[in-house]
Every structure is written in structure tokens, then in C-alpha cells.
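Encoded as C-alpha cells, the structure appears first; notes follow it.
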């Protein structure tokens with residue numbers, strides 16, 4: 001069983017910047033989301049929390065979220081580099097407008113889901129899938145994973161056996177988390 005959480009809202013989320021492997025801090029709303037997720041998660045694993053391992057992306061926004069969440073679940077966490085967000089290389093930290101200005105035509109014909117992998121020096125879809133598959137294959141006990149939006153889409157999509165397109169169209173909410181168990185993925189929303 002895996003509980004897959006996305007970091008709370010960040011300053012760059014609100015500005016429409018794709019963070020990739022760069023960082024910006026959680027907003028006050030993001031801190032509140034992390035606190036609420038921690039309390040909800042604590043209720044979901046009550047009585048079985050000692051069975052869980054907590055793995056966290058080493059990026060600051062995931063670390064900040066984990067710090068808030070582990071106050072409620074009282075479990076140690078460890079960094080897991082394979083949970084880092086997809087990098088767009090030189091496009092990390094940019095908005096669509098900035099990419100259009102600095103790389104004319106690079107996003108031509110792209111839609112809201114497939115533009116991520118058009119960066120000339122970012123990760124490829126196949127590389128990210130290999131990283132995600134490796135992480136999923138190594139899970140040997142119930143795990144709480146604190147990660148990111150795009151990588152979370154890919155992890156869930158691989159877990160469910162979805163096509164590339166279907167994976168990239170999965171939602172990336174910050175008002176709940178996903179439970180992956182028995183080849184099913186369920187969203188657990190904040191109350």
C-alpha cells in the first residue's frame with residue numbers, strides 16, 4: 001500500500017511557474033494544506049502507523065510539506081531522489097509565456113499536458129517512467145510518499161497501467177492524497 005501525497009501549494013504554483021527541480025516555499029495556504037493532510041493521514045493509518053515508511057522528495061517544497069505532515073503521524077522520513085519532480089532543464093522555474101519568449105516555437109502544437117517533455121535539455125518521458133518504475137518496484141512495505149504533481153501523475157498512471165496520454169491527463173490536486181493498493185487508486189479528499 002502506498003499513500004501518495006503532493007506537496008502543498010507553493011508561491012510558484014500561484015504564479016503559474018513550472019518548478020521542476022527548482023524550488024519555491026509553501027504559501028500560507030500550502031502550509032495549511034500540509035497540516036490538514038497530516039491530520040487526515042494520521043486518522044487513516046491510526047493503529048497501523050508503525051508499519052509505514054515515509055519517503056520524501058529531497059526538493060524543498062516536499063521537505064517542508066513532510067515536516068508539517070510528520071508532526072501528525074510521528075514517523076521519521078527519509079529522502080528518496082526518485083520522488084523528485086520531473087525536470088524541464090533550462091525551463092525549470094519558467095512560465096509558458098517565458099518559454100514562448102525565450103524558445104520561440106518550442107511549444108507550438110503542444111497542449112496543456114504534453115509540453116512538459118519538449119524542453120531541449122529536460123528529462124524525457126521514458127527516463128521519468130524508468131525512474132518511477134524503479135521506485136515502485138522497490139516498495140517492500142506500506143509507504144507514505146511525499147512528492148510532486150507531474151511525477152505523481154506518472155506514478156499513478158504506471159500503477160494503473162495507463163497510456164502516456166491518460167497518465168498526463170490525471171489530476172494533481174493539493175486537497176487530498178491518493179491510496180494505491182490492489183491495483184486501484186483512490187483519492188482521499190480533505191474533509
*Which one of 85, 123, 102 is in contact with a helix residue (DSSP H, G or I) (Cβ under 9 Å, 6 or more places away or on another chain), surrounded by fewer than 14 Cβ atoms within 10 Å (Cβ to Cβ) and within 21 Å of residue 24 (Cβ to Cβ)?*
102
*Across region 142-168, what is the total count of residues that are at positive phi and either touching a residue at least 24 places away in the same chain (Cβ under 8 Å) or assigned to a helix (DSSP H, G or I) (or both)?*
0
*So how many residues does region 42-65 have that are farther than 25 Å from residue 13 by Cβ, touching a helix residue (DSSP H, G or I) at 6+ places or on another chain (Cβ under 9 Å) and touching a residue at least 40 places away in the same chain (Cβ under 8 Å)?*
2
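Of these, 104, 120, which one is within 20 Å of residue 22 (Cβ to Cβ), modelled with pLDDT under 95, assigned to a loop (DSSP other than H, G, I, E, B) and more than 22 Å from the chain's Cα centre (by Cα)? Give the steps one after another, and end with the answer.
Numbers: 104 fails: within 20 Å of residue 22 (Cβ to Cβ).
Going through 104, 120 in turn, the sole match is 120.
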*Which of (1) farther than 25 Å from residue 180 by Cα; (2) in contact with a helix residue (DSSP H, G or I) (Cβ under 7 Å, 6 or more places away or on another chain); (3) surrounded by 18 or more Cβ atoms within 10 Å (Cβ to Cβ) does residue 115 not meet, given it meets every other one?*
(2)
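Regarding residue 180, is this residue closer than 20 Å to residue 78 by Cβ and surrounded by 16 or more Cβ atoms within 10 Å (Cβ to Cβ)? Before the answer, list the steps.
Values: closer than 20 Å to residue 78 by Cβ: yes; surrounded by 16 or more Cβ atoms within 10 Å (Cβ to Cβ): yes.
So residue 180 fits the description; yes.
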*Any chance region 73-82 includes a residue that's more than 20 Å from residue 41 (Cα to Cα), modelled with pLDDT of 95 or more, loosely packed, with under 15 Cβ neighbours inside 10 Å and more than 13 Å from the chain's Cα centre (by Cα)?*
no
*Read through the list (1) more than 20 Å from residue 151 (Cβ to Cβ); (2) in contact with a helix residue (DSSP H, G or I) (Cβ under 7 Å, 6 or more places away or on another chain), then give the number of the only condition that residue 6 fails.*
(1)
*Looking at region 35-56, is at least one residue modelled with pLDDT of 95 or more, within 12 Å of residue 148 (Cα to Cα) and buried (at least 18 other Cβ atoms within 10 Å of the Cβ)?*
yes
*Please work out if residue 99 is part of a helix (DSSP H, G or I) and under 12 Å from residue 144 (Cα atoms).*
no
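Is it the case that some residue within region 59-66 is surrounded by fewer than 19 Cβ atoms within 10 Å (Cβ to Cβ), closer than 23 Å to residue 2 by Cβ and in contact with a strand residue (DSSP E or B) (Cβ under 8 Å, 6 or more places away or on another chain)? Reasoning before the result, please.
Looking only at region 59-66, we keep the residues that are surrounded by fewer than 19 Cβ atoms within 10 Å (Cβ to Cβ), and these are 60, 63.
Within this subset, residues satisfying the condition of being closer than 23 Å to residue 2 by Cβ are 60, 63.
Now narrow it down to the ones that are in contact with a strand residue (DSSP E or B) (Cβ under 8 Å, 6 or more places away or on another chain): 63.
Yes, some residue in region 59-66 is surrounded by fewer than 19 Cβ atoms within 10 Å (Cβ to Cβ), closer than 23 Å to residue 2 by Cβ and in contact with a strand residue (DSSP E or B) (Cβ under 8 Å, 6 or more places away or on another chain).
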*Residue among 188, 146, 139 that is at pLDDT 95 or above and crowded, with 20+ Cβ neighbours inside 10 Å*: 146
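The values are calculated or read from the model by the stated rules, or taken from the named source; none is laboratory data. Here the structure is a predicted model, which means the values were calculated and not measured. A quick note on method: Cβ atoms are made from the backbone with ideal geometry, for glycine too, and the neighbour counts reach across all protein chains shown.
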